[in-house]
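See structure below.
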């Protein structure tokens, strides 16, 4: 029993190490977006970014390692878009997923109604009149889609995500309808002008030339977030459970022309050094092949195999060695010209 307890503690520590890193990086992405003013200049994208980060933490607390990483990558992707929007002064709607077929006990969850409400908001300037609510509602709708798409959804998470998406989307709808009824500027796009009486004549003020304002440049420091997948002993084939993470990397690279990825392969300590270097490279190459197969240009991908070095966990336990047998993706947002 004592050894069982030690094994369970080791599993818990390994899981916590992998998951909390993704959450920390998602938080840093949100902070970086905040620092460039995205909260006020790109409120829709910033709210959706924060929603994704919150969802990543929720999934981690429910031991959904893959889901937590998926939404951490989505956080990075949206943070990148929010930063760009803050500099150019214009936001664009981001895609939302089609609702899955709801099975069994979850048929009482009316996800179609939420989707219809979001479409109404998106098609009627909801991003202008209730941007924060729309962004958050879309984030939790995506979380609901993710959870309901599982073979065995977590009923507590389904209810949590549904309630948040439903409540916030209704608030957004209410704000939009007020704007429509009162023909507010956010809806009409036309600013109401109230004519004032002409001011009395006065001496013209002395003209003082203001210094020309410098246009802001994009942050030169790359915005990074690390995803990670693991391999069985002496294998380099991709395990099925990590496909959702790879698909998020594909999506991120397709949506961001100024993003590239470095794929780093690693092994555990077992085996000759030269063999492990080749094995690490094969692991990185298998991931590259997956990305290329799904439409990512080869020039946007770098690969390297490190072999038995840069360990992130002990090699004294099977869980530690599994943690070290990995491929990491370093997604980097580079400077726009």
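The values are calculated or read from the model by the stated rules, or taken from the named source; none is laboratory data. All of these numbers come straight from a predicted model, not from anything done at the bench. Cβ placement follows ideal geometry from the backbone for every residue including glycine, while neighbour counts extend to all protein chains displayed.
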Yes/no for residue 74 being surrounded by fewer than 20 Cβ atoms within 10 Å (Cβ to Cβ) and either without any contact (Cβ under 8 Å) to a residue 40 or more places away in the chain or assigned by TED's automatic domain parsing to the domain that holds residue 161 (or both): no
Which listed residue is in contact (Cβ under 8 Å) with a residue 24 or more places away in the chain, within 23 Å of the chain's Cα centre (by Cα) and farther than 19 Å from residue 318 by Cα, from 287, 292: 287
Residue within region 212-231 that is at pLDDT 60 or above, part of a loop (DSSP other than H, G, I, E, B) and under 27 Å from the mean Cα position of the chain (by Cα) present: yes
Residue check, residue 172 buried (at least 17 other Cβ atoms within 10 Å of the Cβ), modelled with pLDDT under 95 and either touching a helix residue (DSSP H, G or I) at 6+ places or on another chain (Cβ under 8 Å) or not assigned by TED's automatic domain parsing to the domain that holds residue 43 (or both): yes
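Residues checked against (1) buried (at least 24 other Cβ atoms within 10 Å of the Cβ); (2) under 17 Å from residue 137 (Cβ atoms):
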{"site": "60", "(1), (2)": "no, no"}
{"site": "78", "(1), (2)": "yes, yes"}
{"site": "83", "(1), (2)": "yes, no"}
{"site": "98", "(1), (2)": "no, yes"}
Which numbered condition residue 124 fails, given (1) exposed (fewer than 13 other Cβ atoms within 10 Å of the Cβ); (2) more than 23 Å from residue 26 (Cβ to Cβ): (1)
Selection from region 175-206 of residues that are within 30 Å of residue 124 (Cα to Cα) and at pLDDT below 65: 192, 193, 194, 195
Options 305, 320: the member that is over 23 Å from residue 59 (Cβ atoms) and not in a helix (DSSP H, G or I): 305
